[in-house]
Amino acid sequence: MSPKRYITIGLLLFVFGLAVTAHAQDSLMSFEHADDPPKMSELLEWKEVFTYEVRYSFFKLGEVQTTIVTDTTYNGKKVWWLRTIITSNPGIPFVGKEENHYNTFMVETDSLPYTQLYWRDNVDEEQFRAEQYLYDYNEEKVYFSKDGEPVDTLALSEPSSSGQLIFYYSRLLAGTNRSYRLPVYLKGEKGYINGVNSTEIEMREYKAFDKAVKTYYSQGDADIDGPFGFTGKYEAWYIADKLRVPAEARAKVWLGNVKVKLIDYKKERRDS
């Protein structure tokens, strides 16, 4: 399948970075002590469920749903399973129904998380583990495979990602004047996503909330040859609350300029 058939909505995985019903739903946003960005441990206290709508001009391309499913053990380490489900709008000409699941096993640290394993399942075509990246930090190698067959072995010299981790990575710095540089492995090559943050507040409206919310602006540049034609400059907005909820992203892909906006957000404490 060509990259275009994967559908542009997957760019959420590279830009910022399943509905559940909470037994006792906490307030969706908390602005207490929100001047400082969250720590990874604070984000992981919550099971958050994000649903985004992706649009090109007047056309809805599809939806993106992201959550950390659970914690588990991989190669003797505790990891968190981050999953993003992308579904296309079946009414789009030459695309039809598409469903891809993107999965990351990430390791929590006191500073920034890093990826242990990444894989993509092409669910609508029943191609599971269609591509996979295994990160071996002891051997300083990344093992890249497609459809279960080895393709290449790449050098690994720093904590890295395959793009999906930007969803959490960027929240740890949103609302500050700090920039970041995230190493990313895609299409058998290593590149970087460079982000520049801001402390300026802007009021913006989203379907997920019943009134305008305060947001922090971020922008960046991706020197990667990403899927869907995603590369170059992008913009993103985060809610200016304690958890820095990713609310919106804009980027240029092969189709043109697309917008990704939050239409539903739920959270509950993981120990509930």
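The values are calculated or read from the model by the stated rules, or taken from the named source; none is laboratory data. Predicted, not measured: the structure shown is a model, and the values here were computed from it. Backbone-built Cβ (ideal geometry, glycine too); neighbour counts: all protein chains shown.
Here are the numbers for the structure shown:
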read-out: Tally, over segment 87-130, of residues that are part of a strand (DSSP E or B) and out of contact with any Phe, Trp or Tyr (no Cβ under 7 Å at 6 or more places or on another chain); value: 11
read-out: Identity of the residue in segment 93-114, of a type in the set (A, V, I, L, M, F, W, C) and farther than 15 Å from residue 162 by Cβ, that ends up farthest from the chain's Cα centre (by Cα); value: 94
read-out: Among residues of segment 196-234, those that are more than 14 Å from residue 249 (Cα to Cα), at pLDDT 90 or above and either surrounded by fewer than 14 Cβ atoms within 10 Å (Cβ to Cβ) or not hydrophobic (A, V, I, L, M, F, W, C) (or both), counted; value: 11
read-out: Output for segment 136-167, where each listed residue is assigned to a strand (DSSP E or B) and under 18 Å from the mean Cα position of the chain (by Cα); value: 161
